[in-house]
Structures are given as structure tokens and as C-alpha cells.
1. Which order do K120, K18 fall in if you start with the one that has the fewest other Cβ atoms within 10 Å?
2. Once both axes come from the Cα atoms, what is the angle between helix 194-211 and the longest principal axis of the chain, in degrees from 0 to 90, rounded to 10?
3. Using Cα springs under 10 Å in a Gaussian network model of the chain, which residue among R186, R160, R150 shows the largest mean-square fluctuation?
4. Most mobile of L38, L188, L68 per a Gaussian network model of the chain (Cα springs, under 10 Å)?
5. Nothing charged except the Cβ atoms of Lys and Arg (+1) and of Asp and Glu (-1): what's the magnitude of the dipole of the stretch 117-174 about its Cα centre? Round to the nearest 20 debye.
6. Where both partners of a DSSP beta bridge lie in the chain, what percent of those bridges are antiparallel, to the nearest 5?
7. Can you give the convex hull volume of the alpha carbon atoms of the stretch 72-176 per residue, in Å³?
8. Arrange the following residues from fewest to most other Cβ atoms within 10 Å of their Cβ: D65, D80, D131.
Amino acid sequence: MNAGPVLIGLTGPIGCGKSTVAGWLASMGGRRIDMDALAREVTAPGTAALPAIRRRFGDGVFAADGSLDRAALAAIVFRDPAALADLERIVHPFVRERLVEEVASAGAAGVPFVVIEAIKLVESGIAAACDAVWVVDCGPEMQRARLSGRGVAPDDAERRMAAQGAGLAERLVARVMSEWPSVPVRRLVTDGPEAEVRAVVEAALEEALADRGR
């Protein structure tokens, strides 16, 4: 996928600023691709992924109108790693197909770079196709504050943070360096003042574009 626009993979722990950074990059002239949004697209009513989801998880994860009951499905997969892995195996091929289409569309439109925002950028292997991988990170107090700002209850925030585990950003950086040493990876700390963090993002973007001779 890396023959067209520069591909910047953006990932990191929940509540650390992925969406904010992705929004900045879009305002700097890039195309933003939200992998969660693509996953919702490919599991919309009438899509090809739904029969396989029904076979694996049953009628209980569907509403009366045949649409996917995302809350019911989430209640299953977020408590059962094996179920989550099964869901990802079903959905990921469809999501990756949409990703390829979106990147091709950006290339055809002359967009200079694409930011791929994905919580599982590394685990899915999409990081291998990127020209650069950025891992956003922040301290736990900032995570809690940001999640609270989204309306997440404190106990739910703690559960989500615990599920990801401490040191996730460092583990993601280390995995990229180990598995795809040719892909530049950097950890972006977003605890500081917004202007300072944005300046770091702008410098990182300039470096990523320069690495591709743009």
C-alpha cells in the first residue's frame, strides 16, 4: 500500500490523544482514515460480514431489525479474548479491503499523506505497510481525565486502562522495532501543553515526508 501517499500509522493506549493528533494531521493536508469507522461500515446492515458474525455469536447480538447490536457484542468480546479474536478474524479482511480502497482514493486525489488511526495497528500487521508509525502516549492521570471528558465512568475507565496494561506504548514501539525494523517508529508524549504537542507533531510530519523525498 505504500506506493502512493506517505502512510503514517497512528496508535497508542486509550485516552492518549490519537483522535486529536489525527485531526491535526487532517488539517495539515492529509487524509484521515479511522479504522474503527471502517469496522462500523463493514458491519452495517446488509454487509457481507454479518452472516459470519451471526454464525459465531448467535442471534443475541442482533437487533429485531437485523442490524448488529454493538453493545451486546461488545459485552461478549471485551470479556473473552478468544471471542474478540474470532470477531477480528471475521471483520479484519473486510476492513483491510476498505483501507486499501481509501488509500487508493487518496492517492488518486493527490493527497500527500494518509494517517491511519487504529487501536490495533501493530497487532493487525498494518504497521508493516506504513512509512512511519507513531505511538501516542500520556500519563495515567491524563488518560483518566480525557476518558472522563468523554463521559466514561471512573470504574469503566479503570477497567479499560487495566485491560491494555501498563507500558503499552513502550511495548508497541519495541514490537515495531523488532518485527519491522525498516519502519521508523516514534513515541509521541501528549501530556504537555497543546501548542507544544502540536509542534512535535508538525516536526514529525515534516520528517516523515522528507524520508519519502517529498
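Nothing in this text is a laboratory measurement; each read-out follows from the coordinates by a stated rule. Everything quoted here is computed from the prediction, not taken from an experiment. Cβ placement follows ideal geometry from the backbone for every residue including glycine, while neighbour counts extend to all protein chains displayed.
1. Numbers: K120 15, K18 24.
The order, fewest Cβ neighbours first, is K120, K18.
2. With rounding to tens, the tilt is 80 degrees.
3. Result: R150 has the largest fluctuation of those listed.
4. L68
5. Details: 7 positive and 9 negative charges, 27 e Å.
The calculation lands at about 140 debye.
6. Working: 1 of 19 bridges.
The answer is about 5 percent antiparallel.
7. Numbers: hull volume 15.1 nm³, N = 105.
Measuring per residue, one finds 144 Å³ for the Cα hull of the stretch 72-176.
8. Ranked by crowding around the Cβ, least crowded first: D65, D80, D131.
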